[in-house]
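First the structure, in the form of structure tokens, and then the observations on it.
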Amino acid sequence: FTSAYFFFLSKMREDSKKAGKPITKIAEFTKDCSAKWAKMNDKDKEPFSKKAAADKKRYDAEMAVYKGKDPNDAGKPKRPQSAYFCFLADFRAKMKGKNIDPQEI
């Protein structure tokens, strides 16, 4: 996802392009932008932070789909255990504490 600072850099590039100032040395441009960003207060950074929050939300939704987790099914109950796993749980409870070799079981 894109951070608030990168949204700020994008705006600075657009402003520079509109002003007709080509960016010849990216290191100097980035250094100047970084200094401006550091001097900005939270109120000035707010529009960029809102864009970053929206982009983070989009990113999280896309990652959930990619990982196979549907964000709409967040409260969906888990599937019940199969009959075999219910049998194993019961069997383990019955065999607990008995000194029987696992190979014999």
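The values are calculated or read from the model by the stated rules, or taken from the named source; none is laboratory data. The model shown is predicted, which means the values in this text are computed figures rather than measured ones. Calculation scope for accessible area: heavy atoms of the full protein, side chains included, ligands and nucleic acids excluded. Shrake-Rupley method; radii C 1.70, N 1.55, O 1.52, S 1.80 Å.
Annotations
- Derived scalar couplings ³J(HN,Hα) [region 85-95; Karplus, 6.51 cos²θ - 1.76 cosθ + 1.60; whole Hz; x for Gly, Pro]: 5, 5, 4, 4, 4, 5, 4, 5, 4, 5, 8
- With 0.36 nm allotted per residue and the present C-alpha distance subtracted, the residue 50-residue 36 stretch has 3.2 nm of extension available.
- Ignoring lysines fewer than eight residues from residue 18 along the same chain, the ones with Cα atoms less than 22 angstrom from its Cα are 31, 36, 45, 51.
- Per residue value of the accessible surface for the chain (all protein chains in place, 1.4 Å probe), Å²: 89 Å²
- When shorter helices are ignored and each DSSP H run of at least 4 residues is given -39500 (n - 2.57), the per-residue value for the chain at 222 nm works out to -21500 deg cm²/dmol.
- Taking the protein heavy atoms of region 8-78 in the context of the full set of protein chains, the accessible area attributed to carbon and sulfur is 54 percent at 1.4 Å.
- In terms of distances greater than 22 angstrom between alpha carbons, the cross-link table entries 56/78; 17/57; 17/56; 11/56; 25/50 yield 56/78; 17/57; 17/56; 25/50.
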